[in-house]
Amino acid sequence: MQLVIYLGLVHHAEQTLAESFRVVGHGHADQPDVQLICEQLAALSDDHVRRLTPVVDRYGEQHSGADVEEPERLHADGLAEVRQGPVGLLRDLQDLHVLGTLVQTTWTVVHQAAQGLRDAELIGAARHCSAETSRQLAWLNTRMKAAAPQALIVAGRD
């Protein structure tokens with residue numbers, strides 16, 4: 001069953017997203033809302049990993065191997081450090097959005113497979129986690145809209 005590939009992908013992507021939210025939150029601590037909310041959004045991804053654990057225990061997960069090339073190519077490294085200044089914040093938020101979109105689309109695929117398997121536990125986990133990932137993406141989109149005028153027009157004017 002190839003579901004193990006996507007379970008491995010979503011498991012790793014959620015961990016990467018949580019770590020990246022924390023890096024951005026701490027790196028942009030001069031923006032109190034960013035620090036606080038990034039920590040809250042990281043906790044959501046931590047919870048997703050916990051919800052996924054019994055499913056992974058049951059089905060397994062596959063990260064790489066001779067038959068699995070896709071997860072390695074789709075792997076996102078996450079953010080190890082932040083950029084500086086208003087444009088740096090905007091770019092870091094945009095990077096988080098890209099990671100979040102990877103997580104969202106992976107949950108969509110897992111949800112479809114769960115429905116095919118009629119696996120109520122996995123359907124519930126995928127539905128819950130997908131909805132919360134949508135919340136993460138919505139905040140990132142809103143925060144980027146708020147940061148863009150300052151970063152792109154006001155900052156850098158002398």
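The values are calculated or read from the model by the stated rules, or taken from the named source; none is laboratory data. None of these values were measured; they are calculated from a predicted model. Here the Cβ positions follow ideal geometry from the backbone for every residue, glycine too, while neighbour counts run over all protein chains shown. Surface areas here come from the heavy atoms of the whole protein model, side chains and all, with no ligands, DNA or RNA. Shrake-Rupley method; radii C 1.70, N 1.55, O 1.52, S 1.80 Å.
Quick rundown of the values:
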read-out: Given (1) surrounded by 13 or more Cβ atoms within 10 Å (Cβ to Cβ); (2) over 15 Å from the mean Cα position of the chain (by Cα); (3) assigned to a helix (DSSP H, G or I), index of the condition I153 fails; value: (1)
read-out: Failed item in (1) within 20 Å of I5 (Cα to Cα); (2) at pLDDT below 95; (3) surrounded by 13 or more Cβ atoms within 10 Å (Cβ to Cβ); (4) of a type outside the set (S, T, N, Q), with E72 passing the rest; value: (3)
read-out: Residue pairs meeting the criteria (Cβ under 6 Å; at least 6 apart or on separate chains; first among the hydrophobic types (A, V, I, L, M, F, W, C), in region 90-112; second modelled with pLDDT of 95 or more and surrounded by fewer than 23 Cβ atoms within 10 Å (Cβ to Cβ)); value: L93/R143; L93/M144; W107/S130
read-out: Counted residues, region 1-11 - those being open to solvent by 60 Å² or more (accessible area, probe 1.4 Å) and either under 17 Å from V98 (Cα atoms) or of a type in the set (A, V, I, L, M) (or both); value: 1
read-out: Any chance A148 is closer than 12 Å to Q94 by Cα, among the small types (G, A, S) and part of a helix (DSSP H, G or I); value: yes
read-out: Candidate set: region 18-31, residues that are modelled with pLDDT of 95 or more and among the aliphatic types (A, V, I, L, M); chosen: the one surrounded by the fewest Cβ atoms within 10 Å (Cβ to Cβ); value: V23
read-out: Qualifying positions in region 100-131 - open to solvent by 60 Å² or more (accessible area, probe 1.4 Å) and touching a Ser or Thr at 6+ places or on another chain (Cβ under 7 Å); value: T108
read-out: Residues of region 32-51 satisfying the condition of being aliphatic (A, V, I, L, M) and either at pLDDT below 95 or farther than 16 Å from R127 by Cβ (or both); value: V34, L36, I37, L41, A42, A43, V49
read-out: Residue list for region 33-46, filter: open to solvent by 40 Å² or more (accessible area, probe 1.4 Å), over 16 Å from L79 (Cβ atoms) and of a type outside the set (S, T, N, Q); value: D33, L36, A43, D46
